[in-house]
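Take a look at the structure set out below.
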Amino acid sequence: MIPMLQRTQKVLGFLPPKALIFIAEFIGMPQAKVFGAATFYAQFRFDPPGRHTIKICRGTACHVRGSDRIQEDIQTRLKVKAGETTSDRCFSLETVACFGSCALAPVVVLDESVHGRMTPFKTRKVLQRTVEKEEGASAKKENSPKPGGS
């Protein structure tokens, strides 16, 4: 069952109730057991994730070098806590026990991009560039010629 939950989350980005019900019916298990297993493990999400995921390392080296300040700054600015997603679904914030990149502490990973020796200011800049890039792509899409248009 766990591999099915993992695969479903990988495809959908989260586990909606309908998917859990389908899995329960497919494997012939009570829905309560499937829901129980899914809610037991922290790896599973039940809300759609943001378009971008921010992961902050909470390992010892990162903590000593200020990851807590980075997390507090992001939480304040984005108005979310770890494990939550912004209301516009732009960013999801997560914490990680350790990335294993202690020499780069403190480490922040945005989507799949690793950023080392971060500060609250540097992190704000990375997030700002991400939003600007997204807005630029959106503007290009809006200004592109429409098929069949004049």
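Annotations
- Only one of the numbered conditions (1) farther than 25 Å from Arg7 by Cα; (2) surrounded by 19 or more Cβ atoms within 10 Å (Cβ to Cβ); (3) in contact with a Pro (Cβ under 7 Å, 6 or more places away or on another chain) is not met by Val108, and that is (3).
- Screening Lys33 with (1) in the same structural domain as Ala19 (by TED's automatic domain parsing); (2) modelled with pLDDT under 95 gives one miss only, at (2).
- Test: residue in region 47-55 that is surrounded by fewer than 17 Cβ atoms within 10 Å (Cβ to Cβ), over 29 Å from Ala137 (Cβ atoms) and either touching a helix residue (DSSP H, G or I) at 6+ places or on another chain (Cβ under 9 Å) or among the small types (Gly, Ala, Ser) (or both): no
- Scanning region 20-43 for residues that are aromatic (Phe, Trp, Tyr) and farther than 13 Å from Gln9 by Cβ gives Phe22, Phe26, Phe35, Phe40.
The values are calculated or read from the model by the stated rules, or taken from the named source; none is laboratory data. Because the structure is a prediction, the values reported are computed rather than measured. When we count neighbours, we look across all protein chains shown, and the Cβ atoms used for this are built from the backbone with ideal geometry, even at glycine.
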